[in-house]
1. Only one of (1) part of a helix (DSSP H, G or I); (2) within 16 Å of ligand 1 (Cβ to nearest atom) fails for A260. Which number is that?
2. How do the pairs read when you match residues in the range 56-70 that are at positive phi with residues anywhere that are among the acidic types (D, E) and surrounded by 24 or more Cβ atoms within 10 Å (Cβ to Cβ), using Cβ under 7 Å and keeping only pairs 6 or more apart or on different chains?
3. Being at pLDDT below 95 and more than 22 Å from A212 (Cα to Cα) is true for just one of G110, G165. Which residue is that?
4. Have a look at A139, A101, A55, A123 and point out the one that is within 12 Å of ligand 1 (Cβ to nearest atom) and surrounded by fewer than 19 Cβ atoms within 10 Å (Cβ to Cβ).
5. Would you confirm whether any residue within the range 191-198 is more than 14 Å from ligand 1 (Cβ to nearest atom) and among the β-branched types (V, I, T)?
6. Any idea which residue in the range 58-98 is surrounded by the most Cβ atoms within 10 Å (Cβ to Cβ), counting only those that are among the charged types (D, E, K, R) and within 23 Å of G162 (Cα to Cα)?
7. Name every residue in the range 282-306 that is within 16 Å of the chain's Cα centre (by Cα) and not in a helix (DSSP H, G or I), in order of residue number.
8. Only one of P38, P81 is away from ligand 1 (no atom under 16 Å from the Cβ) and under 21 Å from N114 (Cα atoms). Can you tell me which?
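The values are calculated or read from the model by the stated rules, or taken from the named source; none is laboratory data. Quantities reported herein were computed from a predicted structural model and do not represent experimental measurements. For neighbour counting, all protein chains shown are included, and Cβ atoms are generated from backbone atoms with ideal geometry for every residue, glycine included.
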Amino acid sequence: MVQTDIQPASPNLTNFDLKSYLEVKKEFVEQSIDKSLPIQEPEKIYEAMRYSLLAGGKRLRPILCLATVELLGENENIAVPTACALEMIHTMSLIHDDLPAMDNDDYRRGRLTNHKVYGEDIAILAGDGLLAYSFEYVAQETVNVSADKIVKVLAILGKAVGANGLVGGQVMDLDCEGKSDVTAQTLSSIHRRKTGALLEACVSSGAVLSGAKDSDLQRLSTYAQNIGLAFQIVDDILDVTATSEQLGKTAGKDISAQKATYPKIWGIETSRVKAQELIDNAIAQLNIYGEKALPLQAIAQYIINRTN
Ligand code: FPP
Ligand code: MG
């Protein structure tokens, strides 16, 4: 856990109406994503890209980006292309993760996986198409932000995706499959890359677009690192405690694929306690912002309470 200056918690956090907040933001994100990728020639690939991009999901990554911009007092419109790009990157990583060469999964977000519908060849290309388009979309569509900030955002996205981010985390994850001696430290370094890097990019890109000071960037990055790890611990817990219907994907996959997980190393109860510690720390990072931090703090708490 990473700690910086901690201030007392806001008493308003428990009263914050996160459900309404998420509903409004999710609807806005859905519309923005829908508009971002119209069908064109060759239709087959655009359909495959849209099939996964518009398959629902929590839209947590774009919402984190938009909420960061609002926390820093800027208009969320400056970050809409970046928010869409973050969802494109996340979606492409799931399309590739589900491929037979990787996790070989049949269901995602409550529907058949991309390769089950379009075939492996198109699924690979749909992922590639989404990845390339995410960068194009940020560069092309971001308005009212200086070019140097946009370049910084593109660098943040590239770093989160690359060999020390999602790609590296996935490689380490695949390497650990079937091994019984994976330590909590190794597991954390996998998830820092596989899950944490993109979550951190969500808040740091929002912060850069908003012209944040280094101290704000540091606090927000620490917040994201903590929620990233907690998110993965909860994911591992849900894999053993939730049903496939609740998850929209096959439950119990970690055990059948012999994946290293936190419940396997610590047990479920200790995993829950560690996740809550991380969330408490994430929330504390943002107390300095007062009421403005409530959405991001409530999202942190939601990460641990979620059932899918
Ligand atoms: C889900 O993990 C997968 C990820 C979070 C990312 C996987 C990353 C890749 C496939 C690399 C993608 C390539 C690029 C270029 C970004 P999980 O299998 O633990 O969770 P699940 O149960 O939801 O499948
Ligand atoms: Mg998987």
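1. The single condition A260 does not satisfy is (1).
2. R59/E87
3. Criteria check complete, one pass: G110.
4. Values: A139 fails: within 12 Å of ligand 1 (Cβ to nearest atom); A55 fails: within 12 Å of ligand 1 (Cβ to nearest atom); A123 fails: surrounded by fewer than 19 Cβ atoms within 10 Å (Cβ to Cβ).
Within the list A139, A101, A55, A123, the selection yields A101.
5. Keep residues of the range 191-198 that are more than 14 Å from ligand 1 (Cβ to nearest atom), which gives none.
Checked against the condition, which is being more than 14 Å from ligand 1 (Cβ to nearest atom) and among the β-branched types (V, I, T), the range 191-198 yields no hits at all.
6. Here is the first cut: in the range 58-98, the ones among the charged types (D, E, K, R) are 58-59, 61, 70, 74, 76, 87, 97-98.
Now drop any that are not within 23 Å of G162 (Cα to Cα), which leaves 59, 61, 87, 97-98.
Values: R59: 22, R61: 23, E87: 26, D97: 19, D98: 23.
The selected residue is E87.
7. R306
8. Numbers: P81 fails: under 21 Å from N114 (Cα atoms).
Among P38, P81, only P38 is away from ligand 1 (no atom under 16 Å from the Cβ) and under 21 Å from N114 (Cα atoms).
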